[in-house]
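Encoded as C-alpha cells, the structure appears first; notes follow it.
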Amino acid sequence: MFKYIKFIFCAVLFVTGGTFQTRAMEGSAVNPKILIAYYSYSGNTKEVALKIHEKIGGDLFEIKDETKYPEEYREMTQQAKEEIANHYRPKLTDQVSDISQYDIVFIGSPNWWGTITPQVSSFLESYDLSGKVVVPFITHGSGGVQNTVKDMAEQCKGCKISENPWVGFRSRTLGVSSWLKKLGLNK
C-alpha cells in the first residue's frame with residue numbers, strides 16, 4: 001500500500017512539473033514501468049523515441065498500421081489532411097500485450113496539420129490509459145506544438161498528461177536529455 005501511495009505522490013509531482021524523485025525519497029524511489037510508444041512516418045519521431053529509450057530504458061512500441069501513403073510528399077500530406085478531417089482511425093497491425101503493467105507511457109507523434117496522427121489517435125482509442133502518466137513527445141517540420149498535446153489529452157480519457165511535453169524540430173534530439181532530467185527520469 002505504501003508503494004502505491006508513494007507512486008501516486010511521485011506521479012502528481014511529475015505531472016505538475018516537479019521531479020519524479022524528491023530528495024526525501026532518494027534511495028527508496030519507485031521504479032516505474034515505462035512504455036515508449038510512437039508513430040513515425042519518416043523516421044524523425046522514431047529517432048526521438050530511440051533517444052528516450054537510450055536515456056531511461058523501458059519498452060519500445062512502434063505504432064504501425066495498414067495505411068499506404070503516396071511517395072510524393074504533397075500527395076502524402078493531402079491524404080493525411082483528409083484523414084484527419086474525416087476522423088479516420090486506421091487499423092493497427094500490432095498491439096501492446098499488457099498495457100496495464102505500465103505506469104508511465106511516453107507517446108510520440110509527428111505534428112500533422114496541427115494535431116496528432118490518425119495512427120496515434122487509433123492507439124489512444126485502443127487502450128485504457130486511465131490513471132497512467134502520459135508524456136507526449138512531438139516532432140514537427142516547422143509547426144511547433146499547435147493542438148497536438150491538447151488533442152492527445154482529449155483523446156486519452158482518464159490519463160494524466162504531463163504538462164511538460166517534448167516538442168522538437170524534425171528528429172533533432174537536442175534537449176531530450178535535459179528534458180528527461182527535468183522530469184526526474186534520466187538514468
* Structure fact -> Restricted to the range 151-187 and to residues being closer than 17 Å to Pro32 by Cβ and either in a loop (DSSP other than H, G, I, E, B) or among the small types (Gly, Ala, Ser) (or both), the residue nearest to the chain's Cα centre (by Cα) is Ser162
* surrounded by 12 or more Cβ atoms within 10 Å (Cβ to Cβ), under 13 Å from the mean Cα position of the chain (by Cα), among the β-branched types (Val, Ile, Thr) and within 21 Å of Glu163 (Cβ to Cβ) - does that describe any residue in the range 117-132? -> yes
* To do: Filter the range 38-70 down to residues that are of a type in the set (Gly, Ala, Ser) and in a loop (DSSP other than H, G, I, E, B) and give me whichever is nearest to Ile116 (Cα to Cα).
  => Ser40
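Do we have Gln155 as of a type in the set (S, T, N, Q), modelled with pLDDT of 95 or more, under 22 Å from Lys81 (Cα atoms) and surrounded by fewer than 21 Cβ atoms within 10 Å (Cβ to Cβ) here?
On the way: of a type in the set (S, T, N, Q): yes; modelled with pLDDT of 95 or more: yes; under 22 Å from Lys81 (Cα atoms): yes; surrounded by fewer than 21 Cβ atoms within 10 Å (Cβ to Cβ): yes.
It is true that Gln155 is of a type in the set (S, T, N, Q), modelled with pLDDT of 95 or more, under 22 Å from Lys81 (Cα atoms) and surrounded by fewer than 21 Cβ atoms within 10 Å (Cβ to Cβ).
So, Asp65, is that one without any contact (Cβ under 8 Å) to a residue 60 or more places away in the chain and acidic (Asp, Glu) or not?
Working: without any contact (Cβ under 8 Å) to a residue 60 or more places away in the chain: yes; acidic (Asp, Glu): yes.
Here the answer is yes, as Asp65 does meet what is asked.
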* Asked: Val30 is checked against (1) closer than 15 Å to Val134 by Cβ; (2) at pLDDT below 95; (3) buried (at least 16 other Cβ atoms within 10 Å of the Cβ) and fails just one. What number does that condition carry?
  -> (1)
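Determine, yes or no, whether Ser97 is under 30 Å from Asn186 (Cα atoms), assigned to a helix (DSSP H, G or I), without any contact (Cβ under 8 Å) to a residue 60 or more places away in the chain and out of contact with any strand residue (DSSP E or B) (no Cβ under 6 Å at 6 or more places or on another chain). Step through it out loud before you land on a result.
Values: under 30 Å from Asn186 (Cα atoms): yes; assigned to a helix (DSSP H, G or I): no; without any contact (Cβ under 8 Å) to a residue 60 or more places away in the chain: yes; out of contact with any strand residue (DSSP E or B) (no Cβ under 6 Å at 6 or more places or on another chain): yes.
Taking the combined requirement at face value, the residue does not satisfy it.
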* Of the numbered conditions (1) more than 15 Å from Ile84 (Cβ to Cβ); (2) surrounded by fewer than 24 Cβ atoms within 10 Å (Cβ to Cβ), Phe106 fails exactly one; give the number of that condition. => (2)
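Yes or no, residue by residue, for (1) more than 18 Å from Gly57 (Cα to Cα); (2) among the polar types (S, T, N, Q); (3) out of contact with any Ser or Thr (no Cβ under 9 Å at 6 or more places or on another chain):
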| residue | (1), (2), (3) |
| --- | --- |
| Gly114 | yes, no, no |
| Val120 | yes, no, no |
| Leu124 | yes, no, yes |
| Asp128 | yes, no, no |
| Val134 | no, no, no |
| Ile138 | yes, no, no |
| Val145 | yes, no, yes |
| Val176 | no, no, yes |
| Lys181 | no, no, no |
* **Every residue from the range 122-146 that is touching a helix residue (DSSP H, G or I) at 6+ places or on another chain (Cβ under 9 Å) and closer than 19 Å to Val48 by Cβ** => Leu124, Val133, Val134, Val135, Pro136, Phe137, Ile138, Thr139, His140, Gly141
* To do: Only residues in the range 156-169 that are under 11 Å from Ser109 (Cα atoms) and of a type in the set (A, V, I, L, M) count as the first member; pair them with residues that are assigned to a loop (DSSP other than H, G, I, E, B) and modelled with pLDDT under 90, Cβ under 9 angstrom, at least 6 apart or cross-chain, and list the lot.
  => Val167/Gly144
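Yes/no per residue for (1) among the charged types (D, E, K, R); (2) at pLDDT below 95:
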| residue | (1), (2) |
| --- | --- |
| Asn44 | no, yes |
| Asp65 | yes, no |
| His87 | no, no |
| Pro90 | no, no |
* Any chance you could count how many residues in the range 90-111 are more than 15 Å from Val134 (Cβ to Cβ) and touching a Ser or Thr at 6+ places or on another chain (Cβ under 8 Å)? => 6
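The values are calculated or read from the model by the stated rules, or taken from the named source; none is laboratory data. The structure displayed is predicted, hence computed values, not measured ones. A quick note on method: Cβ atoms are made from the backbone with ideal geometry, for glycine too, and the neighbour counts reach across all protein chains shown.
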